[in-house]
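What follows is calculated from the coordinates using simple rules that are stated; it is not laboratory data. This structure is a prediction, so every number in the text was calculated from the model and none was measured. Ideal geometry is used to build each Cβ from the backbone, glycine not excepted, and the neighbour counts take in all protein chains shown.
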Amino acid sequence: MDAIPMRELGKTGAKVSAIGMGGHHLGDPASYDESERIVHEAIGAGVTFFDNCWEYHNGRSEDWAGRAIATSGKRKNLFLMTKVCTHGRQASMAMQMLEESLRRLRTDYLDLWQIHGVSFDNDPELAMAKGGVIEALDQAKRAGKVRFVGFTGHKDPSIHLKMIGMGYPFDTVQMPLNCYDATWRSFEQRVVPEAGKREIAVLGMKPMTGKAGPIEKGDVTAAEMLRYAMSLPVATTICGINTLEHLHQNLEVARGFRPMSAEEMRSLREQCRARAADGRYELYKVSLLFDNPQARLAHAFPLDAKNMEVKEALENMTNLSPPRP
Amino acid sequence: MSTTTTRRDLLKLTTAGAAMALAGCARAASSPTAPRASTSSARARTGEIPKRRFGGTGVRVSAIGIGGSHLGEVPNENEAIRIVHEGIDGGITFFDNAWEYHDGKSEEILGRALVGKRDGVFLMTKVCTHGRDRTVAMQQLEDSLRRLKTDHLDLWQVHECIYDNDPELHFAKGGVIEALLEAKQQGKVRYVGFTGHKDPNIHLAMLGHDFPFDSAQMPLNCFDATFRSFEQNVVPVAAKRGMAVIGMKSMGGGGQAVQAGVVGPEEALRYAMSIPGVTVTVSGIDSIDILRQNLAVARGFEPMSAEEMAAIRTRVAPPASDGHFELYKTTKHFDAKVGREQHGYLTVDELPL
């Protein structure tokens, strides 16, 4: 059986598997055991990149992934990332989150620590402000608790460009990359080249637009979408996988992966262009659906009780932090 | 609701003759124009609502208008009709509506209220094709005329240009723009325009087609002033073409900022009405109380000074800078049912924000 390709992570010298396991979905299954089976089988198949985030499922995603990685005995072979969720609040809060993440993930270091959800127009300036989260990144690096640092966001390429343009030496940047993004408010067109110029590793996410809407409507297939995303100049494509069946489908694409031809990619972009043009499938760009309650509270945006993350957060109010001053 | 309470309190203070003290408290320390503003505030209560030229049309309309969506939300229909009548008696001539508001209820209520009063007002409604063809538009026009009990509209606008591809769809062959021309030729509408609340770039794309729109409607308030700003990006372009500019959402569309105490309701409305280039400010009015409070601001209205406006902008810019006071720009909250259907979006229930 072919191996999953390994790729350089920017200029860090590290190598990571061309697909990564999304942390949010690892907290989705009904039981820890199901989640563990997915993690163990992925590791066995050669997936080394593991995404996570302090605020996913109120900590359950980190807890389950940490436990499953510990029982696999492979921590040292993996590239473990999690994200910090200050959303404009101060560095001291970030350092507390780091300790919680390390404890849940059952490790004493992270390979990568990223600022989560840089999604609102004023997030870059809040992150870079005196006492802001950027200072925590430096501090954590100096303390040997994190090897590399980056940031993530799903809202708007211009927010990413503002963040990159501030000149901080990020090792990575994460963004939605798929065949709908390709022609509309496009991270692919606007951010990927800029990150490339600065040798910042690009981490793709939402290869199927986060909700698989276009697949359900029959517009494209899952395999087409994943192949497109993996064919971009990215270090890895983070996939949301919450069943063994989805893991198998993704592994099938990833094993012995060969990128699409430029012509194949162009043709898929054209096929998707009309329905990309109003954002119907990229709800992370046009709505609050993908903005965690922590992010909304910090920015005083409203919560809606139907949102799954909001429901979970309301059940566990202790994990909610106050809005930024 | 605390918005109402605040407005009502303001009104009480005003009618008790305490307006000058109030204005003094709020502004004297920081603004050299405060005494003048107080004087005009006092004068405001006896004056008429100013009329302004509606773009290049030669028609004049009241500087404040009554929003159609809120009329459909008044719990009691007689109360809604009273709002319209008292508004007209107070000097309001501009009436907003849309084919899709409350599935036609807003147009029906306004139509009933305007029986015998139609000729004295400037009546607008909006067409809601959301990308569909001109025949849909012409059917909607007939619905609107029937519900509004009139044989012509003063203004017919393309509603809710909020999706990035709306301009392209509207201007496509057989699209809604052709219906605007047809309706004009048939004498069923006098003037035409478009509306939207999402992004100045979409408005600019509509204007980029060089169609002779008479008006454009957009959110204009002190938060918009510094965040993805229609005031900065669209008003000057429209004004340069001699178009009428219709402002809406003077409080940010939901009153959250007023509730948070960031801005007072009177201050917010005065800011919106003072923007150079704005013709009329459409205000959502769902009770007689709110109507009276707005009338109190609009009577004898004199615009804020440039310094006063700059001071408000500067004060509210930090909390405005993530868009949480303008949810119509940053969430799906204000995006209506028909447009979502036509653009293949989740429903209001499934995706409230």
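Quick notes on this structure:
- Shape call, the protein assembly as shown: gyration tensor on alpha carbons, a/c limit 1.5: prolate
- Counting only Cβ charges, +1 for Lys and Arg and -1 for Asp and Glu, the dipole size of the stretch B:63-156 around its Cα centre is about 160 debye.
- Amide H contacts of A:LYS83: A:ASN52, A:CYS53, A:TRP54, A:GLN114, each under 5 Å away and 5 or more positions distant or on a separate chain (H built 1.01 Å from N in the peptide plane; Pro and chain starts excluded).
- Shielding of peptide A:274-286 by partners, expressed as the average count of other chain Cβ atoms within 10 Å per residue Cβ, is 4.
- Restricting attention to the stretch A:6-319, close to 10% of DSSP beta bridges with both partner residues there are antiparallel.
- Amide H contacts of B:TYR191 (H built 1.01 Å from N, under 5 Å, at least 5 apart or other chain): B:LEU155, B:TRP156
- Along the stretch B:248-255 the Karplus relation, 6.51 cos²θ - 1.76 cosθ + 1.60 evaluated at θ = phi - 60°, assigns HN-Hα couplings of 9, 6, 5, 9, x, x, x, x Hz to successive residues, with x for each Gly and Pro.
- Going from the fewest other Cβ atoms within 10 Å to the most, the residues A:GLU99, B:GLU182 appear in the order A:GLU99, B:GLU182.
- Gain upon complete extension [A:MET1, A:GLU100; 0.36 nm per residue less C-alpha separation]: 31.8 nm
- In plain terms, the chain from A:THR243 to A:SER267 could stretch by 5.6 nm, reckoned as 0.36 nm per residue minus the Cα-Cα distance.
- Furthest towards positive pole of dipole, B:PRO219, B:VAL59, A:SER31, structure part the protein assembly as shown, Cβ charges: B:VAL59
- With neighbour counts taken as other beta-carbon atoms within 10 Å, the residues A:SER17, A:SER231 rank, fewest first, as A:SER231, A:SER17.
- Per-residue Karplus couplings for the stretch A:57-73, computed as 6.51 cos²θ - 1.76 cosθ + 1.60 with θ equal to phi - 60°, are listed in order as 6, 6, x, 5, 4, 5, 4, 5, 5, x, 5, 5, 5, 4, 6, 6, x Hz, Gly and Pro entered as x.
- Burial ordering of B:THR125, A:THR221, fewest other beta-carbon atoms within 10 Å first: A:THR221, B:THR125
- Taking every DSSP bridge with both residues inside the protein assembly as shown, close to 10 percent are antiparallel.
- Net charge dipole size for chain A [Lys, Arg +1 and Asp, Glu -1 on Cβ; Debye, nearest 20]: 640
- Taking every DSSP bridge with both residues inside chain B, close to 10 percent are antiparallel.
- Amide H to amide H, with H built 1.01 Å from N, B:ILE285 comes under 5 Å of B:GLY67, B:HIS70, B:LEU71, counting only residues 5 or more places away or on other chains.
- Global form of chain A, assessed from the alpha-carbon gyration tensor, a/c cut-off 1.5: rounded
- Couplings 3J(HN,Hα) of the stretch B:78-91, computed from phi: 4, 5, 4, 5, 4, 4, 4, 5, 5, x, 4, 4, x, x Hz, in residue order, whole Hz [Karplus 6.51 cos²θ - 1.76 cosθ + 1.60, θ = phi - 60°; x for Gly and Pro].
- The stretch A:36-153: C-alpha gyration tensor shape, a/c 1.5 cut-off, then a/b vs b/c: prolate
- By average C-beta atoms within 10 angstrom, highest first, the peptides B:324-330, B:296-302: B:324-330, B:296-302
- Chain B - mean residue ellipticity at 222 nm from DSSP helices (-39,500 (n - 2.57) per run, n ≥ 4, rounded to 500): -12500 deg cm²/dmol
- Most mobile of A:GLU264, A:GLU188, A:GLU199 in a GNM of chain A (Cα contacts under 10 Å): A:GLU264
- Top of A:MET97, A:MET166, A:MET230 by mean-square fluctuation, Gaussian network on chain A, Cα under 10 Å: A:MET166
- Overall, the protein assembly as shown carries a charge dipole of about 1380 debye about its Cα centre when +1 sits on the Cβ of Lys and Arg and -1 on the Cβ of Asp and Glu, all other atoms neutral.
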